[in-house]
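Student: Starting off with a structure, shown below.
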Amino acid sequence: MMSALQRFDVYAQLGFEPRRDLVNGTAPGNSWHTGDDSLRGSGKPYFVANGYGPKYLSSKYGYQVIQPLVTKQSQDADYTLSTISLSRQTKKNAPTYVLSGAAAFEVVEGVLMIQIGDYPVATLYTGDVAFVPVGVAFTYYSEVAFTKVLYVSSGSDGVDSQLIRGGKRWKFATFPKY
């Protein structure tokens, strides 16, 4: 039977054992997926595997997990870049921000509600982007169970930096169940 399958380019490997370390951060060899990655110093390149960088949990306005990718402290640039994962929230408990630098949100997964200035609330879906100019008030929240955004802001006092300062170190890429 096995030799008959070879004409379909199927070859038996009876002693094959699949890797079992795909989720625990212990990949062998030269892999950079070997545990938590740190952000490097100024001017040095680095890699951050999805979910392996530093993480912070903010629970002030519903759960938000902030994963910084670029911080003002680690680069020669005047901006920050993070992913923010949000739990379900309401507009009532969402804060209003007015930043000294511009900011932008791109929805990676889920649905983000955002109100910028006097405009009505906009619903952003996966792939949608919102730009917030300097000094314009805005509020954001999510009415679905999980939303993840890519967030970038100029300066070092953006939403991500504020949430990190008000949060705590976190070991997980998602927020707690309750």
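The values are calculated or read from the model by the stated rules, or taken from the named source; none is laboratory data. A quick note: this is a predicted structure, and the numbers were derived from the prediction, not measured. Cβ placement follows ideal geometry from the backbone for every residue including glycine, while neighbour counts extend to all protein chains displayed. Ligands, DNA and RNA are stripped out before the accessible areas are found, and what is left, the full protein with its side chains, is counted by its heavy atoms. Shrake-Rupley method; radii C 1.70, N 1.55, O 1.52, S 1.80 Å.
Student: Would you mind calculating the gained length between Arg7 and Leu39 on full extension (0.36 nm times residue separation, minus the Cα-Cα distance), in nm to one decimal?
Tutor: 6.6 nm
Student: Put Asp9, Asp37 in order of accessible area, largest first, 1.4 Å probe: what do you get?
Tutor: Numbers: Asp9 120, Asp37 25 Å².
Reading off the accessible areas and sorting them downward yields Asp9, Asp37.
Student: Once you order the gyration tensor axes a ≥ b ≥ c over the Cα atoms, which shape class does region 126-178 get: rounded for a/c under 1.5, otherwise prolate or oblate by comparing a/b with b/c? Present the calculation step by step, with values, prior to reporting the outcome.
Tutor: Details: a/c = 2.11, a/b = 1.29, b/c = 1.63.
Oblate, since a/c reaches 1.5 and b/c is not below a/b.
Student: Within the chain, what's the longest run with no trypsin sites (Lys or Arg not before Pro) in a DSSP loop and at most 10 other beta-carbon atoms within 10 Å? Give the range, please.
Tutor: The longest uninterrupted stretch comes out as 93-170.
Student: Another question about this same structure. Sticking with the crude label model, points 7 Å out along Cα→Cβ, report the distance from Val134 to Arg169 in nm, one decimal please.
Tutor: So the label points at Val134 and Arg169 sit 3.6 nm apart.
Student: Here is a further query. When ligands, DNA and RNA are left out and all protein chains stay put, how many square angstrom of accessible area per residue does the chain have with a 1.4 Å probe?
Tutor: Accessible area per residue: 61 Å².
Student: Also, quick follow-up: Could you check which residue among Asp78, Asp160, Asp118 shows the biggest mean-square fluctuation in a GNM of the chain with a 10 Å Cα cutoff?
Tutor: Asp118
Student: Could you give the dipole magnitude of the chain about its Cα centre, charging the beta-carbon of Lys and Arg +1 and that of Asp and Glu -1, in debye to the nearest 20?
Tutor: With Lys and Arg at +1 and Asp and Glu at -1, about 620 debye.
Student: Translational diffusion coefficient of the chain at 37 °C, 0.692 mPa s, Stokes-Einstein with Kirkwood Rh over Cα pairs, in µm²/s as a whole number.
Tutor: My calculation gives 179 µm²/s for D.
Student: Which value at 222 nm does the chain reach when only helices count, each DSSP H run of 4 or more adding -39,500 (n - 2.57), with the total divided by all residues and rounded to the nearest 500 deg cm²/dmol?
Tutor: -1500 deg cm²/dmol
Student: Tally the DSSP beta bridges in the chain and give the antiparallel ones as a percent, rounded to 5.
Tutor: If we restrict to bridges inside the chain, about 95 percent are antiparallel.
Student: As I understand it, the dipole of region 89-159 uses +1 on the Cβ of Lys and Arg and -1 on the Cβ of Asp and Glu, about the Cα centre. Which of Asn93, Ser156, Gln115 lies farthest toward its positive end?
Tutor: Positive-end residue among those listed: Asn93.
Student: Tell me, what % of the accessible area of the chain is carbon and sulfur with a 1.4 angstrom probe? All intermediate terms of the calculation are to be shown ahead of the outcome.
Tutor: Numbers: 6040 of 10930 Å².
With neighbouring chains kept in place, the figure for the chain is 55 percent.
Student: If we count every other residue with Cβ under 13 angstrom of Tyr125's Cβ, Lys/Arg +1 and Asp/Glu -1, where does the sum land? Before the final figure, lay out each step's value.
Tutor: Details: positive: Lys148; negative: Glu106, Glu109, Asp128, Glu143.
That sum, taken over residues with Cβ under 13 Å, equals -3.
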